[in-house]
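> Pasting a structure below so you can have a look.
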Amino acid sequence: MPTSSSRPTSKQPASWAYAEQFVPEDDVLQRARERAADLDLEPVSPGVAATLTVLTAAGGARTVVEVGTGTGVSLLSLLRGMGEDGVVTTIDSDGEAQRAAREAVADDGIRTNRARFINGRALEVLPRLTDGAYDLVLLDGDEREYSAYLEQAHRLLRVGGVLVVDDALFKGRVVDPAVRDTSTVALREVARVVLEDGNWFPTLLPSGDGLLVAVKHS
Ligand SMILES: C[S@@+](CC[C@H](N)C(=O)[O-])C[C@H]1O[C@@H](n2cnc3c(N)ncnc32)[C@H](O)[C@@H]1O
């Protein structure tokens, strides 16, 4: 029997929609979303975008790694929360998407050297980045590779750094034990490891399609 605080109510969907749209998006972000639609890519949701800005601003992040640049919705959101010296290293295997993201950064008036674009496969690029040098790592790439990304993220983050995993609920598939495709199993495994391996302070936020956020403590 659910407790009164966990019992769903008929007003919940409207509340979730209200929360997702709580921070209105400007024209620059909307244009980045339109470019994503043109390229058939799925950017982070408005609620996740606002959360990324809050996380980089609250933590005073200066160095961030992003897996999955797309057309730059999450990239802009991360950069907007960072100071003028903040740099995001963003990795994507799709050069066309990264060209669109470059346009979005220019469109926003952000100094171009604050976004370090690396065109390549995440598992070839991540091992070349420096240990313990990053304040936040965002995973929004190929879900099937998330266990390997997680190992790299733990290595790259300083103690106190923040791991963020988008699509952590994966359209309802993660919570349904009958769903066993590779991406869903990989997302479940990442959530389990973050919860159980003793290195993280984790939480799973119901933003967008689920946002796993964890602070590295060891
Ligand atoms: C969901 S989109 C990212 C959306 C972006 N974070 C945003 O909010 O605009 C996922 C991106 O991951 C990239 N990707 C997929 N597999 C990859 C891999 N193995 N290495 C690097 N990038 C990859 C895709 O090309 C795609 O642009």
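The values are calculated or read from the model by the stated rules, or taken from the named source; none is laboratory data. Keep in mind the model is a prediction, meaning the values are calculated, not measured. Neighbour counts run over all protein chains shown; Cβ positions are idealised from the backbone, glycine included. The area values use the complete protein model at the heavy-atom level, side chains included, leaving out ligands, DNA and RNA. Shrake-Rupley method; radii C 1.70, N 1.55, O 1.52, S 1.80 Å.
> Of the numbered conditions (1) away from the ligand (no atom under 11 Å from the Cβ); (2) of a type outside the set (S, T, N, Q); (3) free of Cβ contacts under 8 Å to residues at least 40 places away in the same chain; (4) more than 24 Å from Leu157 (Cα to Cα), Asp40 fails exactly one; give the number of that condition.
Every listed condition holds for Asp40 apart from (1).
> If a residue must be within 15 Å of the ligand (Cβ to nearest atom) and not charged (D, E, K, R), how many such residues does region 164-181 contain?
5
> If the Cβ limit is 8 Å and pairs must be 6+ apart or interchain, which residue in region 179-208 that is among the acidic types (Asp, Glu) pairs with which residue that is in a helix (DSSP H, G or I)?
Sorted first by the residue in region 179-208, then by its partner, the pairs are Glu189/Tyr146; Glu189/Ser147.
> In region 16-30, what count of residues is obtained for those that are part of a helix (DSSP H, G or I), in contact (Cβ under 8 Å) with a residue 24 or more places away in the chain and of a type in the set (Phe, Trp, Tyr)?
So the count comes out to 1.
> Looking at region 62-79, I want the residues that are closer than 13 Å to Val165 by Cα and touching a residue at least 60 places away in the same chain (Cβ under 8 Å) and have a partner that is near the ligand (Cβ under 6 Å from one of its atoms) and not in a loop (DSSP other than H, G, I, E, B) with Cβ atoms under 7 Å, at least 6 apart or on another chain. Which pairs are those?
Pairs found: Glu66/Ser74; Glu66/Ile91; Val67/Ile91; Val67/Ala122; Gly68/Asp92.
> For the list (1) over 23 Å from Glu145 (Cβ atoms); (2) open to solvent by less than 20 Å² (accessible area, probe 1.4 Å); (3) more than 9 Å from the ligand (Cβ to nearest atom), I need the number of the one condition that Val64 fails.
So Val64 meets the others, but not (1).
> Would you mind telling me which numbered condition in (1) within 11 Å of the ligand (Cβ to nearest atom); (2) open to solvent by 30 Å² or more (accessible area, probe 1.4 Å); (3) farther than 18 Å from Thr112 by Cβ; (4) in contact (Cβ under 8 Å) with a residue 12 or more places away in the chain Val54 fails?
(1)
> Something else now. When the residues of region 86-105 are narrowed to those that are of a type in the set (Asp, Glu) and near the ligand (Cβ under 6 Å from one of its atoms), which ends up surrounded by the most Cβ atoms within 10 Å (Cβ to Cβ)? Even if it seems obvious, please write down each step before you answer.
Restricting attention to region 86-105, the residues satisfying the condition of being of a type in the set (Asp, Glu) are 92, 94, 96, 103.
Then drop every residue that is not near the ligand (Cβ under 6 Å from one of its atoms), which leaves 92, 94.
Working: Asp92: 27, Asp94: 16.
So the residue we want is Asp92.
> Out of region 70-85, which residues are near the ligand (Cβ under 6 Å from one of its atoms) and in a loop (DSSP other than H, G, I, E, B)?
Selection gives Gly70, Thr71, Gly72.
> Does Ser10 fit the bill of being in a loop (DSSP other than H, G, I, E, B) and more than 24 Å from Thr89 (Cβ to Cβ)?
The answer is yes for Ser10.
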